[in-house]
Amino acid sequence: MTSINKWSDTEATNIIKKLQIENISEDLALRTYSARLLGSDPELVLHGGGNTSVKSKFVDISGEYVDVLCVKGSGWDLATIEPPGHPAVRLNPLLKLKNLKSLSDEDMVSFQRRNLLNPNAPNPSVETLLHAFIPEKFIDHTHSLAILALANQPNAAEICKKIFKNRLAIVPYVMPGFDLSIAASKAYEEAKQLAKNTNQKLEGMLLINHGLFTFGETAKISYERMIGIVQEADQYLSRKINLSFINENKNLNTTSKFLPYLRGILERISKKYSFNNKWIFDLRNNQAIEELFSKNNLNELIKLGVATPDHVIRTKSHPLLLNLPEKNYEEISKSELKKWMEYTEKEINIYIDDYANYFKKNNLIANEPKKQLDPLPRFILLPKIGLIGIGNSKKSSSIAADIGQAWVETLLSAESIGSYKPVNEKQTFDLEYWSLEQAKLGKTKKPKLGGYVVAITGAGGVIGSQIAKDFSNEGAEIIAIDLDEKAAKLTASNCGPNACHIGCDITNKDQLNECFDEIIYNYGGLDILICNAGAAWEGSISDIDEATFRKSMELNFYAHLNSCQRSLSIFHSQDFEESTSSNLVGGQILFNISKQAINPGPNFGSYGITKSALTSLMRQISLEEGKNKIRSNGVNADRIKSGLLNSEMIKNRSLARGISEEKYMSGNLLESEVYAEDVSKAFLSLAFMEKTTGALLSVDGGNVAAMVR
């Protein structure tokens with residue numbers, strides 16, 4: 001859908017009034033408002049892209065008014081930007097830099113920081129000088145897909161001149177930084193005079209292979225010029241831009257089951273080369289992606305390059321194209337599957353070798369030696385499945401997939417009017433290995449469970465939600481599974497925007513299978529299953545009816561058995577035919593058992609017996625799967641206030657033992673009540689204990705009768 005004008009005078013007035021209470025000026029309030037309008041449109045701005053500014057006057061620490069440039073700061077996203085996201089930089093010192101013949105990126109960033117009014121503000125945009133050198137009050141910059149479809153034509157300048165006449169300055173491609181700022185300033189001055197001579201108004205600048213700038217005396221004028229120019233660009237295209245992140249062709253049961261095999265290959269290759277060895281997938285498929293797959297020259301198209309150089313940092317210069325076996329997953333033989341995996345591994349290694357050659361070639365002619373990034377693709381094209389974004393977290397894989405889809409739209413629309421010709425290899429390399437990006441390498445510490453996919457049953461309860469939260473805090477991607485979908489959703493919401501929730505009756509095998517199919521589809525595989533769901537029914541063995549006992553067995557044992565079998569199937573797929581122990585991806589299954597398995601209580605047989613069976617299941621998995629680097633461990637907790645051990649049950653259990661409720665809850669060697677967070681820490685400890693399997697970890701404050709011996 002073409003970008004539309006979302007400006008509202010009423011909303012603009014309201015945000016001015018709202019921010020006045022916080023002593024935010026009208027200029028900065030309107031800058032915030034229109035920046036958010038731009039950032040909310042993915043056809044204009046994606047994931048921190050684009051930048052905006054306003055020139056104004058602020059009071060400095062001495063109480064004097066100074067001219068400032070409020071420009072987007074590093075790390076801020078236009079979609080959600082707040083006033084601090086446009087830090088104020090003293091304008092006049094910036095303008096003096098225009099007289100320099102050259103300026104390094106590092107000196108530029110340092111100079112900009114020294115001229116911040118607030119020394120604690122984020123780094124101003126790398127395009128700050130461009131915003132400063134253009135003498136317009138409000139300036140907007142986006143990577144509009146419709147504009148990029150024009151700007152990536154071999155004759156882009158000629159086409160844009162034809163469409164926009166003298167309303168836009170045309171700037172040839174220059175790497176962002178000081179040189180681009182000077183080039184844009186010169187182009188602006190020439191275009192301003194030309195527009196004046198032809199009785200036109202200069203509305204913006206089109207940067208070849210890069211994007212669009214618009215400007216105006218007011219935020220509204222600059223914003224409406226952006227939308228108007230983008231709409232004109234879209235009208236010129238034979239194929240209209242229609243960026244959609246909705247999966248139209250979702251198939252959980254067949255082709256997506258190849259994903260764990262692919263994930264396993266990527267992780268083993270990463271391990272071999274000492275790259276990040278955990279990867280998350282984000283799968284997309286829609287009409288545009290299918291349209292790309294239908295192209296006869298697909299192999300040539302995908303190697304042409306990114307829609308705007310900024311994207312190379314997220315996606316590499318081009319995707320990897322693979323093919324699936326001709327047969328469906330259900331029909332393929334083991335030997336055919338092995339053959340496909342050998343082909344896939346070969347293609348990935350070719351991609352790695354090509355990347356190494358690309359790096360070596362361009363590093364030799366670089367101004368200074370660079371450190372090679374990992375060479376794995378960031379999105380894969382797989383006909384019958386779609387486009388797969390790849391990242392070390394769900395967030396990064398989703399970003400890669402979004403940008404991949406934007407690339408598809410840009411390429412197809414560019415081809416509809418001519419041919420797609422983005423920046424060349426050297427220009428791509430210069431941006432990918434920009435010194436400002438290289439300086440960031442190694443500064444971000446990877447979370448302990450970064451890249452791990454963790455599914456938790458019974459995640460809506462007190463213990464399950466705490467486990468989910470703590471594993472999420474360690475970087476894991478969380479799938480919260482619960483019979484109560486609302487409770488699962490609440491748990492997921494407490495684990496960040498990328499956590500997933502699934503409502504599922506795990507005693508229903510069909511629902512359980514659909515649940516695991518959903519996990520594969522959304523993440524590509526699984527690393528840890530935490531069997532936490534459970535319920536207790538009271539009654540003595542002499543009195544309890546068979547139906548109740550069977551119900552307990554279904555939930556507390558068979559549901560976990562079925563969950564384990566599906567998880568083991570995924571683990572085995574990720575390590576299919578891998579014989580070298582050190583290369584195995586492996587997996588983990590963690591059980592929330594109970595001290596009842598060791599130290600049964602009266603009138604609790606239907607619960608304790610199933611937990612004893614669960615202990616045996618845990619040990620059997622350890623025995624059989626250790627050779628596959630699959631670990632299986634359990635936590636024996638006791639007396640945790642939760643949905644299972646509620647006030648009524650606490651009362652009943654304390655009566656059954658002939659003690660007070662307080663004594664029942666803290667009746668252990670440490671004389672301390674045990675909480676959900678104590679249980680969660682035990683699960684985390686087991687997850688990190690790489691040389692431990694078949695173990696029971698007691699979390700009960702000390703109970704001699706429940707000690708494992």
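Being of a type in the set (S, T, N, Q) and either within 27 Å of the chain's Cα centre (by Cα) or surrounded by 18 or more Cβ atoms within 10 Å (Cβ to Cβ) (or both) is the filter here, so list the residues in segment 669-693 that pass it. Talk me through it step by step, then tell me what you get.
Here is the first cut: in segment 669-693, the residues of a type in the set (S, T, N, Q) are 672, 680, 685, 692-693.
Of everything in segment 669-693, those that are of a type in the set (S, T, N, Q) and either within 27 Å of the chain's Cα centre (by Cα) or surrounded by 18 or more Cβ atoms within 10 Å (Cβ to Cβ) (or both) turn out to be SER680, SER685, THR693.
Here are some residues: ASP310, ASP234. Which one is at pLDDT 95 or above and of a type outside the set (Gly, Ala, Ser)?
Just a single option satisfies the conditions, and that option is ASP234.
Take ASN14 and tell me if it is over 22 Å from ILE229 (Cβ atoms), touching a strand residue (DSSP E or B) at 6+ places or on another chain (Cβ under 7 Å) and open to solvent by 30 Å² or more (accessible area, probe 1.4 Å). If you could, list the steps in order and put the result at the bottom.
Values: over 22 Å from ILE229 (Cβ atoms): yes; touching a strand residue (DSSP E or B) at 6+ places or on another chain (Cβ under 7 Å): no; open to solvent by 30 Å² or more (accessible area, probe 1.4 Å): yes.
In short, no.
Might you let me know whether segment 183-205 holds any residue that is open to solvent by 10 Å² or more (accessible area, probe 1.4 Å), closer than 21 Å to ALA149 by Cα and in contact (Cβ under 8 Å) with a residue 24 or more places away in the chain?
Among the residues of segment 183-205, at least one is open to solvent by 10 Å² or more (accessible area, probe 1.4 Å), closer than 21 Å to ALA149 by Cα and in contact (Cβ under 8 Å) with a residue 24 or more places away in the chain, which makes the answer yes.
Being open to solvent by 30 Å² or more (accessible area, probe 1.4 Å) and in contact with a Pro (Cβ under 9 Å, 6 or more places away or on another chain) is the filter; apply it to segment 595-623 and report the residue that is farthest from MET707 (Cα to Cα).
ILE609
Are any residues in segment 338-384 more than 26 Å from the chain's Cα centre (by Cα), open to solvent by less than 30 Å² (accessible area, probe 1.4 Å) and of a type outside the set (A, V, I, L, M, F, W, C), and if so, which ones?
Within segment 338-384, TYR358, ASN362 qualify.
Find the residue count for segment 576-586, including only residues that are open to solvent by 10 Å² or more (accessible area, probe 1.4 Å) and not in a helix (DSSP H, G or I). Reasoning before the result, please.
To start, the set of residues in segment 576-586 that are open to solvent by 10 Å² or more (accessible area, probe 1.4 Å) comprises 576-585.
Checking the rest, the ones that are also not in a helix (DSSP H, G or I) come to 576-580, 584-585.
Within segment 576-586, residues that are open to solvent by 10 Å² or more (accessible area, probe 1.4 Å) and not in a helix (DSSP H, G or I) number 7.
Residues that are free of Cβ contacts under 8 Å to residues at least 40 places away in the same chain: list the helices (runs of 4 or more DSSP H) wholly contained in segment 104-157 that include at least 1 such residues.
Values: elements: 105-114, 128-133, 145-151.
So the answer is 105-114.
State whether the residues of segment 427-437 include one that is of a type in the set (Phe, Trp, Tyr), over 27 Å from ALA307 (Cα atoms), in a helix (DSSP H, G or I) and touching a residue at least 12 places away in the same chain (Cβ under 8 Å).
Filtering segment 427-437 down to residues of a type in the set (Phe, Trp, Tyr) leaves 429, 433-434.
If we keep only those that are over 27 Å from ALA307 (Cα atoms) too, we end up with none.
No, segment 427-437 has no match at all.
Every residue in segment 49-79 that is within 19 Å of ILE16 (Cβ to Cβ) and open to solvent by 10 Å² or more (accessible area, probe 1.4 Å), please.
Selection gives LYS55, SER56, LYS57, PHE58, VAL59.
Scan segment 355-367 and tell me whether some residue there is under 24 Å from ARG268 (Cβ atoms), part of a helix (DSSP H, G or I) and free of Cβ contacts under 8 Å to residues at least 24 places away in the same chain.
Step one: filter segment 355-367 for residues under 24 Å from ARG268 (Cβ atoms), giving 355-359.
Adding the requirement that they be part of a helix (DSSP H, G or I) leaves 355-359.
Of the ones still in play, those that are also free of Cβ contacts under 8 Å to residues at least 24 places away in the same chain are 356-357.
Yes - at least one qualifying residue is present in segment 355-367.
When you scan segment 624-668, how many residues do you find that are buried (at least 19 other Cβ atoms within 10 Å of the Cβ), in contact with a Gly (Cβ under 7 Å, 6 or more places away or on another chain) and β-branched (Val, Ile, Thr)?
Of the residues in segment 624-668, 1 are buried (at least 19 other Cβ atoms within 10 Å of the Cβ), in contact with a Gly (Cβ under 7 Å, 6 or more places away or on another chain) and β-branched (Val, Ile, Thr).
Exactly one condition in (1) surrounded by fewer than 17 Cβ atoms within 10 Å (Cβ to Cβ); (2) in contact (Cβ under 8 Å) with a residue 24 or more places away in the chain is false for LYS334; which is it?
(2)
Can you report the number of residues in segment 284-310 which are in contact (Cβ under 8 Å) with a residue 40 or more places away in the chain, in a helix (DSSP H, G or I), open to solvent by 50 Å² or more (accessible area, probe 1.4 Å) and within 25 Å of GLN427 (Cβ to Cβ)?
Looking only at that region, the number is 1.
How about segment 636-709: which helices (runs of 4 or more DSSP H) wholly inside it have at least 1 residues that are under 30 Å from GLY475 (Cα atoms) and aliphatic (A, V, I, L, M)?
Here the list reads 676-688.
Tell me whether segment 491-500 contains one or more residues that are assigned to a helix (DSSP H, G or I), within 19 Å of ASP678 (Cβ to Cβ) and open to solvent by 20 Å² or more (accessible area, probe 1.4 Å).
Initial filter on segment 491-500 (assigned to a helix (DSSP H, G or I)): 491-493.
Okay, now just the ones that are also within 19 Å of ASP678 (Cβ to Cβ), so 491.
Add one more test, that the residue is open to solvent by 20 Å² or more (accessible area, probe 1.4 Å), and what stays is none.
No; the residues of segment 491-500 include none that is assigned to a helix (DSSP H, G or I), within 19 Å of ASP678 (Cβ to Cβ) and open to solvent by 20 Å² or more (accessible area, probe 1.4 Å).
Just to check your reading of the model, which residue among ASN115, ASN155 is under 30 Å from VAL423 (Cα atoms) and not hydrophobic (A, V, I, L, M, F, W, C)?
Details: ASN115 fails: under 30 Å from VAL423 (Cα atoms).
When all the criteria are applied, what remains is ASN155.
Could you figure out which of (1) loosely packed, with under 15 Cβ neighbours inside 10 Å; (2) within 28 Å of the chain's Cα centre (by Cα) isn't true of HIS143?
Result: HIS143 passes all but (1).
If I ask for residues that are crowded, with 22+ Cβ neighbours inside 10 Å and either at pLDDT below 95 or assigned to a helix (DSSP H, G or I) (or both), which ones from segment 31-44 would you list?
Once the filter is applied, which keeps residues that are crowded, with 22+ Cβ neighbours inside 10 Å and either at pLDDT below 95 or assigned to a helix (DSSP H, G or I) (or both), segment 31-44 yields ARG31, THR32, TYR33, SER34, ALA35, LEU37, LEU38, GLY39.
Quick check on this structure: which one of LYS192, LYS250, LYS196 is part of a helix (DSSP H, G or I) and modelled with pLDDT under 95? Quick ask: steps written out before the conclusion?
On the way: LYS192 fails: modelled with pLDDT under 95; LYS250 fails: part of a helix (DSSP H, G or I).
Result of the check over LYS192, LYS250, LYS196: LYS196.
Which of the residues belonging to segment 587-598 are assigned to a loop (DSSP other than H, G, I, E, B) and either β-branched (Val, Ile, Thr) or at pLDDT 95 or above (or both)?
Those that are assigned to a loop (DSSP other than H, G, I, E, B) and either β-branched (Val, Ile, Thr) or at pLDDT 95 or above (or both): ILE593, ILE598.
Quick check on GLY404: is it over 28 Å from LYS303 (Cα atoms) and open to solvent by less than 20 Å² (accessible area, probe 1.4 Å)?
no
Filter segment 45-62 down to the residues that are under 16 Å from GLU82 (Cα atoms) and assigned to a strand (DSSP E or B) and list them by number. Outline the logic, then answer.
As a first pass, look at segment 45-62 and keep what is under 16 Å from GLU82 (Cα atoms): 47-54.
Correct list: ASN51, THR52, SER53, VAL54.
For segment 460-477, enumerate the residues that are of a type in the set (A, V, I, L, M) and either closer than 15 Å to ILE640 by Cα or in a helix (DSSP H, G or I) (or both).
Within segment 460-477, VAL462, ILE463, ILE467, ALA468 qualify.
Looking at ASP505, ASP543, which one is free of Cβ contacts under 8 Å to residues at least 12 places away in the same chain and in a loop (DSSP other than H, G, I, E, B)?
Just one listed residue meets the conditions, ASP543.
Regarding ILE241, is this residue open to solvent by 70 Å² or more (accessible area, probe 1.4 Å), of a type in the set (Val, Ile, Thr) and in a loop (DSSP other than H, G, I, E, B)?
In short, no.
Out of ASP517, ASP470, I need the residue that is acidic (Asp, Glu) and either within 14 Å of ILE589 (Cβ to Cβ) or open to solvent by 10 Å² or more (accessible area, probe 1.4 Å) (or both). Which one?
Values: ASP517 fails: either within 14 Å of ILE589 (Cβ to Cβ) or open to solvent by 10 Å² or more (accessible area, probe 1.4 Å) (or both).
Of ASP517, ASP470, the one residue that is acidic (Asp, Glu) and either within 14 Å of ILE589 (Cβ to Cβ) or open to solvent by 10 Å² or more (accessible area, probe 1.4 Å) (or both) is ASP470.
Given the criterion among the aliphatic types (A, V, I, L, M), open to solvent by less than 10 Å² (accessible area, probe 1.4 Å) and within 34 Å of the chain's Cα centre (by Cα), identify the matching residue among VAL174, VAL230. Explain how you work it out, then say what you get.
Working: VAL174 fails: open to solvent by less than 10 Å² (accessible area, probe 1.4 Å).
Result: VAL230 is the single residue among VAL174, VAL230 that is among the aliphatic types (A, V, I, L, M), open to solvent by less than 10 Å² (accessible area, probe 1.4 Å) and within 34 Å of the chain's Cα centre (by Cα).
Does TYR223 count as among the aromatic types (Phe, Trp, Tyr), modelled with pLDDT of 95 or more and under 34 Å from the mean Cα position of the chain (by Cα)?
Details: among the aromatic types (Phe, Trp, Tyr): yes; modelled with pLDDT of 95 or more: yes; under 34 Å from the mean Cα position of the chain (by Cα): yes.
The answer is yes for TYR223.
The values are calculated or read from the model by the stated rules, or taken from the named source; none is laboratory data. Just so we're clear, the structure is a prediction, and the values are computed from it rather than from any experiment. Glycine gets a Cβ as well: all are built from the backbone with ideal geometry, and neighbour counts include every protein chain shown. Note: areas computed on protein heavy atoms with side chains; ligands, DNA, RNA excluded. Shrake-Rupley method; radii C 1.70, N 1.55, O 1.52, S 1.80 Å.
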